[in-house]
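The values are calculated or read from the model by the stated rules, or taken from the named source; none is laboratory data. Being a predicted model, the structure only gives us computed values, none of them experimental. Reconstructed Cβ throughout: ideal geometry from the backbone, glycine too, with neighbour counts over all protein chains shown.
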Amino acid sequence: MAKDKDNKDGGTAVIEPGPPPRLRERFREEIAPKLGEEFGRVNPMSRPKLDKIVVNINMGRHLEGTKVPANVRETVLSSLKTISGQKPVVIKAKRSVSNFKVREGYETSAMVTLRSDRMWFFLDRLINLAMPRIKDFRGMSEKAFDHGGSYSLGLTEQGVFPEIDMAKVNFTHGMHVNLVFRNSTPAMSRFMLQELGFPFRREEKKK
């Protein structure tokens with residue numbers, strides 16, 4: 001992140017570079033070499049990398065029924081912008097599905113795709129600030145990886161992020177977070193996330 005600093009001569013503000021994402025630096029300096037040794041990836045270009053993080057919020061289910069919260073769209077977009085620092089994109093239905101009460105052109109969800117520094121800063125806040133605030137938290141499942149090593153998780157309320165002031169919102173909504181990896185497998189992605197401090201659930205041994 002960059003910081004603006006006023007010019008003493010009254011000129012244009014100077015943008016000073018902020019500190020680099022600590023998780024990214026840790027991955028490059030410590031975790032990437034460990035991945036190479038553990039899984040035989042000698043070539044650095046063949047090692048797995050976190051490519052992007054996609055955050056998605058479904059708006060359709062909040063618009064159903066007789067008691068529809070006010071300003072659903074504004075609340076969802078505001079939450080996404082606050083936790084990601086990026087303007088969300090609204091997704092519209094491409095076709096009508098009567099069973100799900102969806103009509104063509106109907107706004108169904110909002111999403112942001114995070115890359116580079118914003119992606120690493122978001123992951124840092126997710127692991128170290130948001131997850132510890134989840135009620136009765138016992139860790140994340142180890143079975144949510146796909147064949148390419150990408151990981152998906154769900155959060156039940158936006159209030160786990162400290163940036164969100166729940167006193168100023170009129171309803172609670174959850175969100176899906178997808179960590180998209182490249183050149184990876186479930187085992188390698190799990191190793192990488194665990195080294196970054198991702199809190200996986202400890203499976204209890206059966207007696």
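Number of residues in the stretch 118-158 that are within 16 Å of M192 (Cβ to Cβ), crowded, with 18+ Cβ neighbours inside 10 Å and among the small types (G, A, S): the value is 2.
Screening the stretch 1-40 for residues that are modelled with pLDDT of 90 or more and touching a Pro at 6+ places or on another chain (Cβ under 8 Å) and picking the one that is farthest from N128 (Cα to Cα) gives G36. Criterion applied to G197, G159 was being out of contact with any strand residue (DSSP E or B) (no Cβ under 6 Å at 6 or more places or on another chain), of a type in the set (G, A, S), in a helix (DSSP H, G or I) and within 27 Å of P20 (Cα to Cα), and the one residue passing it is G159.
Looking across G154, G174, G148, one residue alone is closer than 26 Å to E38 by Cα and either out of contact with any Cys (no Cβ under 8 Å at 6 or more places or on another chain) or not aliphatic (A, V, I, L, M) (or both). It is G148.
Filter the stretch 31-55 down to the residues that are part of a strand (DSSP E or B), closer than 16 Å to G148 by Cβ and among the hydrophobic types (A, V, I, L, M, F, W, C) and list them by number. Before the answer, list the steps.
Residues of the stretch 31-55 part of a strand (DSSP E or B): 49-55.
Going one step further and asking which of them are closer than 16 Å to G148 by Cβ, we end up with 49-54.
L50, I53, V54 - these are the residues of the stretch 31-55 that are part of a strand (DSSP E or B), closer than 16 Å to G148 by Cβ and among the hydrophobic types (A, V, I, L, M, F, W, C).
Cβ-Cβ contacts under 9 Å between residues 6 or more apart (or on different chains), taken from a first residue in the stretch 162-174 that is on the phi > 0 side of the Ramachandran plot to a second residue that is of a type outside the set (F, W, Y) and outside any helix (DSSP H, G or I), are absent. Scanning the stretch 162-207 for residues being closer than 21 Å to K135 by Cβ and in contact with a Lys or Arg (Cβ under 7 Å, 6 or more places away or on another chain) gives a total of 1. Within the stretch 97-112, the set of residues being modelled with pLDDT under 75 and in a loop (DSSP other than H, G, I, E, B) comprises K101, R103, G105.
Residue-level analysis places S189 among those that are of a type in the set (S, T, N, Q) and not in a loop (DSSP other than H, G, I, E, B).
If we keep just the residues of the stretch 20-45 that are among the basic types (K, R) and over 17 Å from S116 (Cα atoms), which is surrounded by the fewest Cβ atoms within 10 Å (Cβ to Cβ)?
Applying the first criterion (among the basic types (K, R)) to the stretch 20-45 yields 22, 24, 26, 28, 34, 41.
Remaining after also requiring over 17 Å from S116 (Cα atoms): 34, 41.
On the way: K34: 14, R41: 17.
Taking the candidates together, the pick is K34.
Specify the residue that is surrounded by the fewest Cβ atoms within 10 Å (Cβ to Cβ); the eligible residues are those in the stretch 162-186 that are of a type in the set (A, V, I, L, M, F, W, C) and assigned to a loop (DSSP other than H, G, I, E, B). Among those that are of a type in the set (A, V, I, L, M, F, W, C) and assigned to a loop (DSSP other than H, G, I, E, B), it is F171.
Please go through the stretch 119-161 and pick out each residue that is of a type in the set (D, E, K, R) and in contact (Cβ under 8 Å) with a residue 12 or more places away in the chain.
If we filter the stretch 119-161 for residues that are of a type in the set (D, E, K, R), which is where we start, we get 124-125, 133, 135-136, 138, 142-143, 146, 157.
Passing the criteria: D124, R125, R133, R138, E142, D146, E157.
Among the numbered conditions (1) among the aliphatic types (A, V, I, L, M); (2) closer than 30 Å to K94 by Cα; (3) touching a residue at least 24 places away in the same chain (Cβ under 8 Å), the only one that L193 does not meet is (2).
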